[in-house]
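Here's the structure we're looking at; comments come further down.
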Amino acid sequence: MGGQPYIAGHTKQALLRALAAGDETHEQLAERFDMPLRQVDFFAGRHQEEIFALRLDPGDELSSLWIAKLVDRLAELQADVEFINDTFGESGMPSADLLRVKHAALKHAAEVLGQAMPKLQGDGLLKQVMYEIVGVDVGQIYPPAPPSDEEEDDQDEESGA
């Protein structure tokens, strides 16, 4: 495998941010990040799009992470499925493991896009789920609905009116 040596994710993000800020030369960054100048130069060239995105919006911490973008994640899944399909074409017969990986990727893509039905758990019946937001008085946000005519009649009977 050619290309650039492994750089830990947090180091990569720090280097991307430093390159986007433009306050230091490549020589200074090479010293700061303890890497050869050639590696910083290569990194800067290879990651121009991410650096540009960070320059546009330095406050958006996710702008330089392709994995934070749905379309990029789906493109990776698609590339993997295409690689598996190409592997099938070369070898003739796909392995069971590759088929499982391919089908899992296809299923995951469908779920992400909302095109797959959720798997029902237990008895297969849909259940009502209630969420409690701790520390929030929902009554303050959504005042109670006025009573219906039936509820008013019930209240009148209880009060003896």
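Restricting attention to region 53-80, the residues that are touching a residue at least 12 places away in the same chain (Cβ under 8 Å) and more than 19 Å from the chain's Cα centre (by Cα) add up to 2. In region 39-132, counting only helices (runs of 4 or more DSSP H) that sit wholly within it, the ones holding 2 or more residues that are closer than 30 Å to Leu15 by Cα and either at pLDDT below 85 or out of contact with any Asp or Glu (no Cβ under 9 Å at 6 or more places or on another chain) (or both) span 48-56, 70-91. Restricting Asp86, Asp72 to those that are over 14 Å from Leu16 (Cβ atoms) and in contact with a helix residue (DSSP H, G or I) (Cβ under 6 Å, 6 or more places away or on another chain) reduces the list to Asp72. Among the residues of region 25-38 satisfying the criterion of being charged (D, E, K, R) and closer than 16 Å to Lys12 by Cβ, which is surrounded by the fewest Cβ atoms within 10 Å (Cβ to Cβ)? If we take residues in region 25-38 being charged (D, E, K, R) and closer than 16 Å to Lys12 by Cβ, then Asp34 is surrounded by the fewest Cβ atoms within 10 Å (Cβ to Cβ). Being β-branched (Val, Ile, Thr) and farther than 30 Å from Thr25 by Cα is a description that does not apply to Ile67.
The values are calculated or read from the model by the stated rules, or taken from the named source; none is laboratory data. Remember, it's a predicted structure, so these values are computed and weren't measured experimentally. When we count neighbours, we look across all protein chains shown, and the Cβ atoms used for this are built from the backbone with ideal geometry, even at glycine.
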